[in-house]
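The values are calculated or read from the model by the stated rules, or taken from the named source; none is laboratory data. Here the structure is a predicted model, which is why all the values come from computation and not from measurement. Cβ placement follows ideal geometry from the backbone for every residue including glycine, while neighbour counts extend to all protein chains displayed. All accessible areas refer to the heavy atoms of the entire protein, side chains included, with ligands and DNA or RNA removed. Shrake-Rupley method; radii C 1.70, N 1.55, O 1.52, S 1.80 Å.
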Amino acid sequence: MKKTVWGKSLLGVAALAMGLALAGCSSNSADKKSGSDSKVTITFWHGMNGPYAKALNTIIKDFNDSEDKYVVKGTAQGDYTALQQKIMAGAKSKSLPTIAQTTYTTVPDYVKNGFITPLDPYMIDGSDKLSASDLKDIYPAFISSSKYQGKYYSIPFSKSTRIMYYNKTLMDKLGVKMPTSWEDIAKMAPSLKAKGVMAVGFDKSFDMELEGLARQNGNALVATKGKSFKANLDSKKTLEATHFIWDMIQNGEAKTAGEDIYGDKAFTSGKTLFYVGSSAGVSHMKTGAPKDLDWGTMPLPTYKGESATELAGNDIVMFKSASTDQQKGAWAFMKFLMSKKETIKWAEATGYVPLRKSAVEDAGFQAFLKKDPTAVASVDSLAAGFQSTAFIGFTEYRNNLLSAVDAMLTKKETPEKAMGDLQTKTEQIIKDNN
């Protein structure tokens, strides 16, 4: 089963979070020991399944085999949405694990509700802290998004980039040259349509591509403004980016996946020449694409000469309810996950990207890229990577954004109407919560 790559879409979590007064949650396991060896048990909830869970279990085993003080017990909680719902329910019932996978965009709500703890005592100030060179080695977009209100509340873990898949077999048949810009794709779209092929396919929603184009156009959908936030959802630059995608879809030159959720099926069946998706989907493409299909990957095209790709995936947070010994063990495991060796192992097994520059530059990883060129686009995209602005109420905003895109697709609402309504709703969320 294909996993949900982008974890920010936490349907229903915002409603579940409302009204929770969660300060002072007690530990569900206090100073639990694993009976046979008396090691401190670190409970870890995650949203990985299939080959991703297998790769994660291997890393957990590596950590446990290297430790004489701690043992990590990982438990899959379904997909990312189910995981977030269980975290909120666990906070309410005071039955949280030691650590859990989550998105960095949930951190503001978690902090507001008082059930996660800052990592600074371990990460920045502790005896086993990350060194200055460690912090510099981790890609800036990853480490900066772990910080909220001046403190580190998460560590980066399973990170992916948005990339473009291309059908080389069909490109050769149609005589199409490799595009470098979105403008190139728009230019070739009418002639492709005349031949019965759509230029590009998206997943069910094109929200991430919209945000990427808006960034390339010099505009964050929600930007920081001092200590506050500013919504730019109906600005001229955002509407221009929205129209670029929406107009192609209305003209029958591009399509979204609809009930298929992911756009790979239309791509592998030759209905679209290009497909924009997650780099973490490369492993699925390898198993799902026809064996005779010559396909490849490339960084996202430029727009108006600018490069940008939204970084997606999950972080890991630590809960206040864990005992001191559990928190120490949890930090040891977190640091292990961010190590050069383990982040390389994770990237090679899953299609996620390494967290460290030194990992990408590693001779062994470079050899891996030569053997598997489909993995190159994701790491080549890291320099142009960005992450959404996190704020209290982000999940509600995110769900509203998905609804706005859906309204443009299924109700034929214009970008001006859908994004204008989203602007009003987002301004209210920011006003009420931040």
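Of the residues Thr324, Thr343, only one is of a type in the set (S, T, N, Q), without any contact (Cβ under 8 Å) to a residue 40 or more places away in the chain and within 19 Å of Gly47 (Cα to Cα); which? Walk me through it before giving the result.
Details: Thr324 fails: within 19 Å of Gly47 (Cα to Cα).
None of the other options fit; the residue is Thr343.
Just the residues that are free of Cβ contacts under 8 Å to residues at least 12 places away in the same chain and of a type in the set (Val, Ile, Thr), please, taken from segment 383-413.
Once the filter is applied, which keeps residues that are free of Cβ contacts under 8 Å to residues at least 12 places away in the same chain and of a type in the set (Val, Ile, Thr), segment 383-413 yields only Thr410.
Starting from segment 44-72, keep only residues that are in a helix (DSSP H, G or I), then list their pairs with residues that are of a type in the set (Phe, Trp, Tyr) whose Cβ atoms are within a distance under 6 Å, requiring at least 6 positions of separation or different chains.
Note: pairs meeting the criteria are Phe63/Phe333; Phe63/Phe336.
For Ala349, are the conditions met, namely being hydrophobic (A, V, I, L, M, F, W, C), at pLDDT below 95, touching a strand residue (DSSP E or B) at 6+ places or on another chain (Cβ under 7 Å) and open to solvent by 20 Å² or more (accessible area, probe 1.4 Å)?
no
Applying the selection to segment 236-258, what residues are in contact (Cβ under 8 Å) with a residue 12 or more places away in the chain and charged (D, E, K, R)?
Lys237, Glu240, Glu253, Lys255, listed by residue number.
Please find, among Leu293, Leu355, Leu311, the residue that is open to solvent by less than 10 Å² (accessible area, probe 1.4 Å) and more than 29 Å from Tyr70 (Cβ to Cβ).
Just a single option satisfies the conditions, and that option is Leu311.
Can you say whether Ala223 is open to solvent by 10 Å² or more (accessible area, probe 1.4 Å), out of contact with any helix residue (DSSP H, G or I) (no Cβ under 6 Å at 6 or more places or on another chain), touching a residue at least 24 places away in the same chain (Cβ under 8 Å) and at negative phi, as far as the supplied structure shows?
Working: open to solvent by 10 Å² or more (accessible area, probe 1.4 Å): yes; out of contact with any helix residue (DSSP H, G or I) (no Cβ under 6 Å at 6 or more places or on another chain): yes; touching a residue at least 24 places away in the same chain (Cβ under 8 Å): yes; at negative phi: yes.
Spelling it out, Ala223 is indeed open to solvent by 10 Å² or more (accessible area, probe 1.4 Å), out of contact with any helix residue (DSSP H, G or I) (no Cβ under 6 Å at 6 or more places or on another chain), touching a residue at least 24 places away in the same chain (Cβ under 8 Å) and at negative phi.
I need every pair where a residue in segment 181-208 that is under 24 Å from Ser279 (Cα atoms) and assigned to a loop (DSSP other than H, G, I, E, B) has its Cβ under 6 Å from the Cβ of a residue that is open to solvent by 20 Å² or more (accessible area, probe 1.4 Å) and not β-branched (Val, Ile, Thr), sequence separation at least 6 or different chains.
Asp203/Tyr262; Ser205/Leu402
Would you mention how many residues in segment 75-106 are within 21 Å of Gly329 (Cα to Cα), open to solvent by less than 10 Å² (accessible area, probe 1.4 Å), within 20 Å of the chain's Cα centre (by Cα) and hydrophobic (A, V, I, L, M, F, W, C)?
3
Mind counting the residues in segment 107-120 that are crowded, with 19+ Cβ neighbours inside 10 Å, touching a residue at least 60 places away in the same chain (Cβ under 8 Å) and assigned to a loop (DSSP other than H, G, I, E, B)?
Matching residues across segment 107-120 total 3.
With the requirement that a residue be loosely packed, with under 13 Cβ neighbours inside 10 Å and either touching a Cys at 6+ places or on another chain (Cβ under 6 Å) or over 16 Å from Met338 (Cβ atoms) (or both), what does segment 59-69 give you?
Within segment 59-69, Lys61, Asp65, Asp68, Lys69 meet the criteria.
Out of (1) over 23 Å from the mean Cα position of the chain (by Cα); (2) at pLDDT below 95, what's the single condition that is false for Lys168?
Lys168 satisfies every listed condition except (2).
Do you know which of the residues in segment 121-153 that are assigned to a helix (DSSP H, G or I), out of contact with any helix residue (DSSP H, G or I) (no Cβ under 7 Å at 6 or more places or on another chain) and open to solvent by 30 Å² or more (accessible area, probe 1.4 Å) is farthest from Met338 (Cα to Cα)?
Pro121
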